[in-house]
Amino acid sequence: MQGVPPSQARERPAALAIEVAGVEKVLLFGGTSGGALLDTIDLYDPATGAVTPFDLVPNADGEMKVAAPCSGVAFVFDELGTFQAYDPPAKKWLDVLESSVGSTAWVPLAISPYKSIYPSFGLAVAAGRDGKVYMVNHSKAHVYDPATGLWNAPSAPQKPTQDHWDFPLVSLGDRVYAVGGYMTGQKGPVPQAYVEAYGPLPDACSSLKGDGWMQDDVSDLGDEPNSKTGQVLWASTDIWVRNAPDGGTAHQNPEFGNFQKPHIYVKVRNRGLAPVTGEVHLYWSRASTGLAWPNHWVSFQSSGLVAGDVVRDSFGNPLTATVKGLLPGHSETLHVEWGNIPDPTVHGTQHFCLLARFVSAQDPMSFAETSSVWDNVHGNNNIAWKNVTVVDLDSTNKWQGVLVRNIREAEATVDVVFRVPDREREDSLLEHAAADVDLRGGIFDRWIEGGTQGRGLLEVEPGVFRLTEPEAALEGLRMGPGEEHLVLFRFTSLGERYSEEAELRRLDVIQLSSSIEGRRTVEGGETYLVEVLGRAPEPPAPVFHRGDADENRSLQLTDAVRILGNLYLGQGELPCADAADANDDGALDISDAVRILGFIFMGDVSPAPPGPPGFESCGPDPTPDFLDCAEYRACR
């Protein structure tokens, strides 16, 4: 090797070829240095000759062997007869479990070797194209199936016919080869000059496929079609924009005109059984609830302006991001600088829709793409969609625009639904802000023609309506093919008392269309994430002793006197009226003094809960009423 020396000079390390950021490199496991066992893993770069520290092995060993089947997980064997699994990209050791057939359970642990009953002195290992790991020493041969966690299943291979030691085991094509080595002779080791092959092995690796995907929302598991997310497929959690390459994960509206271009981040996952390679292609379009593929995403113009296109760099070149050899169970976050972003305000909007397509020869689309973006995203986990506007209630530009468009080639009846998610219904956006919809951009006429069908809309000024229900709607909009109208949204704080910490409240705008035949489908939508200040927590209810009107921590004649003096002699306000309300009827009158005197001198009924001093601890008023307790110091 040339270049930078390894972290430690080593003899007899185990070597494994891997890919790091698409570049082929070699991991060196263990070995010895000056007779000492090493517990390090180094990374060798053949292109530069550099060797750099990479990770540690749980147990120092000078005779490690390593094999990585097509899943990409490395199986590491040592002299002690143990083997473990290692995930190079995650730098994580995994426990190898014996499990039922078909299971692929891996439990991350710091150190958890599986104790093999087979000695590994003189061990050779290799990964076959059947996805299994072959282990051979001078006297035995065994096979491990990572898919089932079982050794020697369904049957063990026979050991090589020649009894030999310290030989390499090599996987090539449909066979595993034992090459050379030595035998123990009377005068010492005798080199062997033969090759034996075990096989042919079935080609299981080519049938194992990677499944690159992007999440539509947190409920999405990657199934095709997506049965978890529901109608709102345009708020993917795996696409977001940052106005600086700061690695943040909160989506921002792209800013136009800054020296620093916005960056688009995309997270690609692999839920398959083999590594996956492909490219992420990115597209943008003017914010709209109705978008057709590919018409509105590639070289699309409207009113002489580019209104949809491939995401390009500052020189006009299409941008793609490459995923290479992404291992099963892993994810990779990519980002590109959006060089050709236009000014969104020219289009009457605050953002653009984004579409990401993971294009891979190993993982093609499961369902043929059509003109319906919603159908394409619903059927293919390779496609993700982001049509989200972030709204700051303190923003000086209160109106946010989105197009409602009939994407069909024939007349259609369009409904627009304004929906608060079910999970936010108890503390929704409508509790924090007034949400107004401006229909004066032409769609108002269509609504009038359709008979002003809908619900949850209150006209607050001509052509401007306020949402009054968590699921309001405009219904019955008859629109011609390609007809579009700009609809504006405004969110205004209700001015209530809030905490200083901002929270997000959501409003989904959903476009549904019905054809002449009556088929009603989701076309698309827009999601608004409104930054509101969360409600300040309610102050704790005051606590007190019932009947202790003078706050001296005891129930005495003076408490009744204090109440009567307040009622009939005007002798000052009571600091805790709830404490003086001895019978808890919600009013201060002579009956409260009578209740106290009857308890003290006649043994009658005790003052109402939370009870008098000396009998019960302080507590709040269990009965809502109009009395309050501004101050009660006797509980301190």
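Key figures for this structure:
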quantity: Gyration tensor (alpha-carbon) shape descriptor, the range 388-457, a/c threshold 1.5; calculated: prolate
quantity: Cross-link partners of K386 among aspartates and glutamates (Cα-Cα below 12 Å; sequence separation of 8 or more within a chain); calculated: D216, D217, D238, E526
quantity: FRET efficiency estimate (nearest 0.05) - Cβ-Cβ, T345 to E449, R0 30 angstrom; calculated: 0.45
quantity: Extension gain (nm, one decimal) between E459 and R520, 0.36 nm per residue minus Cα-Cα; calculated: 19.2 nm
quantity: Å² per residue, accessible surface of the range 233-361 at 1.4 Å; calculated: 39
quantity: The range 253-409, relative contact order in percent, only Cα pairs under 8 angstrom and at least six apart counted; calculated: 32
quantity: For the range 541-599: rounded, prolate or oblate by the Cα gyration tensor [a/c cutoff 1.5]; calculated: rounded
quantity: Simple spin-label estimate for D604 and E503 in nanometres, 7 Å along Cα-Cβ; calculated: 4.7
quantity: Computed lengthening from S303 to R12, 0.36 nm per intervening residue step minus Cα-Cα distance; calculated: 97.8 nm
quantity: Gain upon complete extension [K209, A197; 0.36 nm per residue less C-alpha separation]; calculated: 1.6 nm
quantity: Cross-link partners of K65 among aspartates and glutamates (Cα-Cα below 14 Å; sequence separation of 8 or more within a chain); calculated: E11, D39, D78, E79, D166
quantity: Ranked packing of 571-583, 277-289, 438-450, most packed first, by mean Cβ within 10 Å; calculated: 277-289, 571-583, 438-450
quantity: Modelled FRET efficiency - R0 51 Å, E424 with T322, Cβ distances, 0.05 increments; calculated: 0.85
quantity: Three-way shape call for the range 499-636 based on the alpha-carbon gyration tensor, with the a/c threshold at 1.5; calculated: prolate
quantity: Modelled label reach - D589, point 7 Å along Cα→Cβ, the range 602-636 residues with backbone N closer than 18 Å; calculated: 608, 625-628
quantity: Pairwise FRET efficiency - E409 versus V359, Cβ, R0 = 30 Å, nearest 0.05; calculated: 0.65
quantity: Nearest-20 debye value, the range 403-509 charge dipole, Cβ charges on Lys, Arg, Asp, Glu; calculated: 200
quantity: Cross-link table K91/K324; K91/K209; K92/K209; K25/K92; K25/K324; K132/K209, entries beyond 20 Å C-alpha to C-alpha; calculated: K91/K209; K92/K209
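The values are calculated or read from the model by the stated rules, or taken from the named source; none is laboratory data. Everything quoted here is computed from the prediction, not taken from an experiment. Ideal geometry is used to build each Cβ from the backbone, glycine not excepted, and the neighbour counts take in all protein chains shown. For the accessible areas, the whole protein counts, side chains as well, though only heavy atoms, and no ligand, DNA or RNA atoms are used. Shrake-Rupley method; radii C 1.70, N 1.55, O 1.52, S 1.80 Å.
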